[in-house]
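Everything on this sheet refers to the single structure shown next.
The values are calculated or read from the model by the stated rules, or taken from the named source; none is laboratory data. This one's a predicted model, so the numbers in the text were calculated from it and none came from an experiment. So basically every Cβ, Gly included, is an ideal-geometry build from the backbone, and we count neighbours across all protein chains shown.
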Amino acid sequence: MMPDMEFKVSPSPHLWGGRSISKIMYLTLLALLLPTAAGIYFFGYRALLVILVSVSFAVATEVLVKKLRGRPFIMDGSAVITGLLLALVLPPTIPLWMVAIGSIFSIAIVKEAFGGLGHNIFNPVLGGRAFLTACFSVEMTTWIKPMGFATEAIVATTPLDEGFVWSWRLAARLALYKDMFLGNTAGTIGTTLALLILIAGVILLAFKIIDWRVPLAYVGTVGVLSLVMGADPILQMLAGGLMLGAFFMATDPVTTPITHRGRIIFAIGCGVVTIIIRRFGGMPEGVYYAILFMNAITPLIDRYVKVRPFGFQKVVKSAT
Amino acid sequence: MSIRLEKRSLRYGVELPQNKLVAQSPIELAPLPEVVTIPLEENIGAASEILVNKGDKVLTGQKVTDSDNFDSVPIHATVSGEVTGITTAINPSTGQAMKVITITSDGEDKGGELKPCPKLEATSSEEILKAVREAGVVDADGTTSPAHVKLSPPQDKKIDTIILNGYEWEPYVTSDHRVMLEYGEKVLSGLNIMKKVLSPDNVYIAIGDDKKDAMDSLEELIVKAGYDFKITPIKAGYPLADEKTLIKTVVDRKVLIGGSAADVGVVVHNVSTANAIHEAIYEGKPFIERVVTVTGVVRNPKNLLVRFGTPVKNLIEYCGGITEEGSEVIIGGPMTGISQFDPDSPIFSDTNCVLVKVSQPIMDMDCISCGRCIEVCPMNLMPALYPKYVKFGRYEECATAYVDICTECGVCAYVCPANIPIVQYVRIAKRELSKRMGME
């Protein structure tokens, strides 16, 4: 009949949505281009150099480590994102060799040493940043005014340096909010322009790449707590790495809980720790350590926060 | 009061590309096969006694097995000819060995005398159930449980609702759609028989809202015949995998884990089953054929009326053959169907579709814990856990994570960015767990 009939076989389902990891990564990358462009606009060639060094070392490290581990390297864009995000949370004046070290540490130690994408406990970007802060605390906390492509750098303080206070001088406040929202304050490369980060976040939400609960719960917690504790909530919400952290780091699927409820707990925890560090800690910014801390708690959250199956009843448990 | 009720939608799941290529092609009669392979343990229930021997001549519709047990159904020869073997073969949906009977057709399709029931009004429920059992009607939607067993619920459970499932949730598949359009009167009459047996308060026909024409024609027929049925349109989406989710969607009742539809007073039947029940009662015809959609990359996709036991290659040949290299032949729809390695795999009573599809490689990367599978799961499970547990042999933890209530609808694997074949891991876990249960 049909002697040459040879069929392929595969397990069901035989359809796949095609929203692959690399597609998600590249869409995230696309959204990240907005704060990246803003960073280059405000901090000039220097920022561009930091970004280039960070990204290229991240990708090169990934290729090398995969080779050492005997695993195939897949260009899924995750290393590019790690490198880019790391550059965005560094000060523009940081020496380039430090950037390279941070980038290598992020990929080789924080990500690949744990087993690569999907197995890392900590967000590689934040791990790398924490490492750099521990090693080079002066360079990591030296800020300059946004000067565009001018060569002259003026040392400045970030809005968070004013401390955890509330000021009643409304006109000055409004000018500060405007600066923070539209990007005219000292800070890391990618975080000076809150508006663009917000737009990038909305893009991610529109493509359903991130869970809206996380940024909402995180930023909301920070706002409410600062209000309760007598600080300026709008400044606290716009300043530092909060926007970038809430949209791009606290939403990293790998290092955050898997359930909706778990993610809300995670995000609220991030908000609480952020405020504690900002109010009582030794440094002005708490977002990055807060997320790292909650990363460590994620397995615990996932262990206890589960979804209930359809038709769940308590009786089933006692019967077994 | 209008027959058509408010539209309902799923509270989970995804929208799939429909690809219903042959939704508008009328049902055609498939040519009689030269050889049929009929499984002897098709339905769940007690083992039956084989009534024929190798070399016997059988007529179309003649019983080849039967038993005294009321919970199992007899199996009928689907063509007339000679019994050429009682052997074992591979079950196309489980891959396990099963007992089969092969019959070589004499090409004449001679049938015995059909014994239709007298008028419905004069027939008692017991007689109806007996006739349905005698005709070997089993659920046509994948469970293959005997239809008459579903229609005779335990004494202590009052059935107040019948749901006829015409939702047809998988892409490509159009067999139920065509049955509703072309055999509408028979489907409704079959439903009416069920209604007489169970005397429920409400009878709903659940239809996907992509099948407007079927809804319209059934509505017209209901009005004409004066039936007291309601049509519930359901927003097309995937999955509406099984009874429990259908009951939740249509009447908003929750079947508890370990419970059955009868616990909440509902009986769910498929439109093709209703059609078969009508034929069993009014025509005395045994359940030996059904409508199968043959679609995908075949030259002429069709909806065919196929005798059970027909080899799948016959249908593909009749539809002009496979047009693409490297294709899979899937018995069932694209989401839950099983790839076949054997061109002789037979069509069964639960086969609604034969899909030929270009094979796609599966990447099976590492889980990134994105949680998309959890968001879409109709049973509210955490599918992401199963591959992780299975890879390390932690099957007990799969059991604690309720792997047994998974319906294997495949929507988790469909949305998985890492392209993990989650359903396959679920099957491994289920199989391993049942093996262990057997050992204890």
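Structure notes:
- The criterion of at least 1 residues that are farther than 30 Å from B:GLU375 by Cα and under 20 Å from the mean Cα position of the chain (by Cα) is met, among strands (runs of 3 or more DSSP E) falling completely within the stretch B:1-118, by B:27-29, B:35-39, B:81-90, B:97-105.
- Screening the candidates B:PRO346, B:PRO387, B:PRO383 for the property of being more than 9 Å from chain A (Cβ to nearest Cβ), touching a residue at least 40 places away in the same chain (Cβ under 8 Å) and closer than 16 Å to A:SER12 by Cβ yields one hit, B:PRO383.
- Residue, farthest from the other protein chains (Cβ to nearest Cβ), within the stretch A:17-58, restricted to residues that are of a type in the set (Phe, Trp, Tyr) and surrounded by fewer than 20 Cβ atoms within 10 Å (Cβ to Cβ): A:TYR45
- Within the stretch A:72-82, the presence of a residue that is crowded, with 23+ Cβ neighbours inside 10 Å, more than 14 Å from every other protein chain (Cβ to nearest Cβ) and within 28 Å of A:PHE181 (Cβ to Cβ) is excluded.
- B:LEU305, sole failed condition from (1) touching an Asp or Glu at 6+ places or on another chain (Cβ under 6 Å); (2) within 14 Å of chain A (Cβ to nearest Cβ): (2)
- Hits in the stretch B:252-286 (condition: hydrophobic (A, V, I, L, M, F, W, C) and without any contact (Cβ under 8 Å) to a residue 12 or more places away in the chain): B:LEU256
- Taking the stretch A:167-198 as the range and being surrounded by 15 or more Cβ atoms within 10 Å (Cβ to Cβ), among the hydrophobic types (A, V, I, L, M, F, W, C) and farther than 20 Å from A:TYR288 by Cβ as the test, the residues that pass are A:LEU176, A:PHE181, A:LEU195.
- Residue within the stretch A:289-303 that is within 30 Å of B:LEU256 (Cα to Cα), surrounded by fewer than 24 Cβ atoms within 10 Å (Cβ to Cβ) and either at the interface with chain B (Cβ under 9 Å from one of its Cβ atoms) or within 18 Å of the chain's Cα centre (by Cα) (or both) present: yes
- From B:ILE163, B:ILE128, B:ILE159, residue being in a helix (DSSP H, G or I) and either assigned by TED's automatic domain parsing to the domain that holds B:ASP228 or not basic (Lys, Arg) (or both): B:ILE128
- Yes/no for B:THR295 being within 14 Å of chain A (Cβ to nearest Cβ) and surrounded by 24 or more Cβ atoms within 10 Å (Cβ to Cβ): yes
- Criterion (outside any loop (DSSP other than H, G, I, E, B) and without any contact (Cβ under 8 Å) to a residue 12 or more places away in the chain) met by exactly one of A:LEU244, A:LEU216, A:LEU227, A:LEU235: A:LEU227
- Residue match in the stretch A:206-213 (condition: touching a residue at least 24 places away in the same chain (Cβ under 8 Å) and away from chain B (no Cβ under 14 Å)): no
- There is no residue in the stretch A:261-277 that is away from chain B (no Cβ under 14 Å) and not in a helix (DSSP H, G or I).
- Residues of the stretch A:212-233 satisfying the condition of being under 18 Å from A:ILE258 (Cβ atoms) and buried (at least 23 other Cβ atoms within 10 Å of the Cβ): A:VAL214, A:PRO215, A:TYR218
Let's see how each residue does on (1) in a strand (DSSP E or B); (2) within 14 Å of chain A (Cβ to nearest Cβ); (3) touching a Ser or Thr at 6+ places or on another chain (Cβ under 9 Å); (4) under 21 Å from B:MET379 (Cα atoms):
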position	(1), (2), (3), (4)
B:ILE222	no, no, no, no
B:ASP228	no, no, no, no
B:PRO233	yes, no, no, no
B:LEU256	no, yes, no, yes
B:GLY259	no, yes, no, yes
B:SER272	no, no, yes, no
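- Total residues in the stretch B:327-344, condition farther than 21 Å from B:CYS409 by Cα and touching a strand residue (DSSP E or B) at 6+ places or on another chain (Cβ under 6 Å): 2
- A:PRO309 more than 8 Å from chain B (Cβ to nearest Cβ) and either modelled with pLDDT under 95 or not in a helix (DSSP H, G or I) (or both): no
- Scanning the stretch B:163-200 for residues that are crowded, with 24+ Cβ neighbours inside 10 Å and under 22 Å from B:LYS254 (Cβ atoms) gives B:ILE163, B:LEU164, B:ASN165, B:TYR167, B:TRP169.
- Residue match in the stretch B:315-323 (condition: away from every other protein chain (no Cβ under 13 Å), touching an Asp or Glu at 6+ places or on another chain (Cβ under 7 Å) and not in a strand (DSSP E or B)): no
- Boolean, B:THR336 is more than 7 Å from every other protein chain (Cβ to nearest Cβ) and of a type in the set (Ser, Thr, Tyr): no
- Taking each residue of the stretch B:15-29 that is within 14 Å of another protein chain (Cβ to nearest Cβ) and looking for partners that are among the acidic types (Asp, Glu) with beta-carbon atoms closer than 7 Å, six or more apart or interchain, yields B:GLN18/B:ASP210.
- Residue match in the stretch B:394-408 (condition: under 30 Å from B:ALA140 (Cβ atoms), within 8 Å of chain A (Cβ to nearest Cβ), of a type outside the set (Val, Ile, Thr) and touching a residue at least 24 places away in the same chain (Cβ under 8 Å)): yes
- Count - residues of the stretch B:167-196 that are under 27 Å from B:GLU127 (Cβ atoms) and outside any loop (DSSP other than H, G, I, E, B): 14
- Flag if A:THR255 is within 14 Å of chain B (Cβ to nearest Cβ), of a type in the set (S, T, N, Q) and either free of Cβ contacts under 8 Å to residues at least 40 places away in the same chain or assigned to a loop (DSSP other than H, G, I, E, B) (or both): yes
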